[in-house]
Amino acid sequence: MQEIFHRISIRRFTGQKASGEQIQKLLAAAMQAPSAYNQQPWEFLVVEDKVLLQKFTEIHPYATALLSGAAVGIFVLCAQNRLKLPEMAAQDLSAAAENILLEAVHLGLGAVWLGVNGHAERAAAAKKLFALPENIEVFAAIAAGYPAESRKAQSRYEANRVHFEKY
Ligand SMILES: Cc1cc2nc3c(=O)[nH]c(=O)nc-3n(C[C@H](O)[C@H](O)[C@H](O)COP(=O)(O)O)c2cc1C
C-alpha cells in the first residue's frame, strides 16, 4: 500500500478548503479502524473555524500546523460511555487517527497528528474549549488540508529490529 510509504507529516498547507466529501472520506476511514472487542470508542469533532483553531493552539504549543493554512482540524474524541475495555481505548483511537492520515494521502491531502492523550492539562483545556460533555475526552487532533510542503518519505525499515522465532 503506497500511501503508507508516501505519508509524511504535513505542517504547512495552501489554505484551500477541503470538500465535504473529502472530510467525509477521512471520517469514514477513521471509523473503519479495528478496535478491541469492536468497542469503537471514537467520536470526532470537525473544526474549520479559524478562531476556534487558534484557541486550541493556545492550549497546545505544538499545534501551529492548524494555523498554517490547514483546511480542517479533526479532533479524535474518546466517548467513555462506549468503552467496554477502557485499557484498550488508546490503541483503538490511534488506529482511527492513523487511518485518517493514510486516507489523507490517498485523497491528495496532507495531515499531521497532534498529540493530546497523555497531556492531562491539554486534554482538560481542550474539553473546556469545545464544551464537551462530561463523558467525552479529546484524544488527539489532526490538521489536514492541501500540502504546501513536500519531501520524500525516508524508509525506516531496519532489518536488525526484526526477530524471527527467537529474540
Ligand atoms: C502520538 C503522536 C503525537 C504527535 N504530536 C505532534 C505534535 O504535537 N505536533 C506536531 O507537529 N507533530 C506531532 N506528531 C507528528 C510526529 O512529529 C511525526 O510523525 C514524526 O516526527 C515522524 O515524521 P513523519 O510523520 O513525517 O514520518 C505526533 C505524532 C504522533 C504519532
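No value in this document is a laboratory result; all are computed from the given coordinates. The model shown is predicted, which means the values in this text are computed figures rather than measured ones. For neighbour counting, all protein chains shown are included, and Cβ atoms are generated from backbone atoms with ideal geometry for every residue, glycine included.
The residues packed around Lys128, meaning those with a beta-carbon under 14 Å from its beta-carbon, carry a net charge of -1 if Lys and Arg are +1 and Asp and Glu are -1.
Note on Ala124 and Glu48: the extension gain reaches 25.3 nm, defined as 0.36 nm multiplied by sequence separation minus the Cα-Cα distance. Taking Ala63, Ala123, Ala36 in turn, the Gaussian network model of the chain (Cα-Cα springs below 10 Å) assigns the largest fluctuation to Ala36.
Would you order Lys152, Lys25, Lys166 from fewest to most other beta-carbon atoms within 10 Å of each residue's own beta-carbon? Kindly include the intermediate steps, with their values, before the conclusion.
On the way: Lys152 7, Lys25 18, Lys166 4.
Arranged by neighbour count, lowest to highest, Lys152, Lys25, Lys166 become Lys166, Lys152, Lys25.
In the chain, helices alone account for a calculated mean residue ellipticity at 222 nm of -10000 deg cm²/dmol, with every DSSP H run of four or more residues adding -39,500 (n - 2.57). Looking at the square roots a ≥ b ≥ c of the eigenvalues of the Cα gyration tensor of segment 20-149, which shape do they give, rounded for a/c under 1.5, prolate if a/b is larger than b/c, or oblate? Oblate is the answer for segment 20-149, as a/c is 1.5 or above yet b/c matches or exceeds a/b. Ordered by the number of other Cβ atoms lying within 10 Å of each residue's own Cβ, fewest first, Glu103, Glu3, Glu165 fall into the sequence Glu165, Glu3, Glu103. From least to most packed, judged by other beta carbons within 10 angstrom and beginning with the fewest, Trp113, Trp42 follow the order Trp113, Trp42. Which part of segment 1-25 falls in the paramagnetic zone of Ala153, meaning amide N under 11 Å from the point 7 Å along Cα-to-beta-carbon? Flagged as within label range: 1-9.
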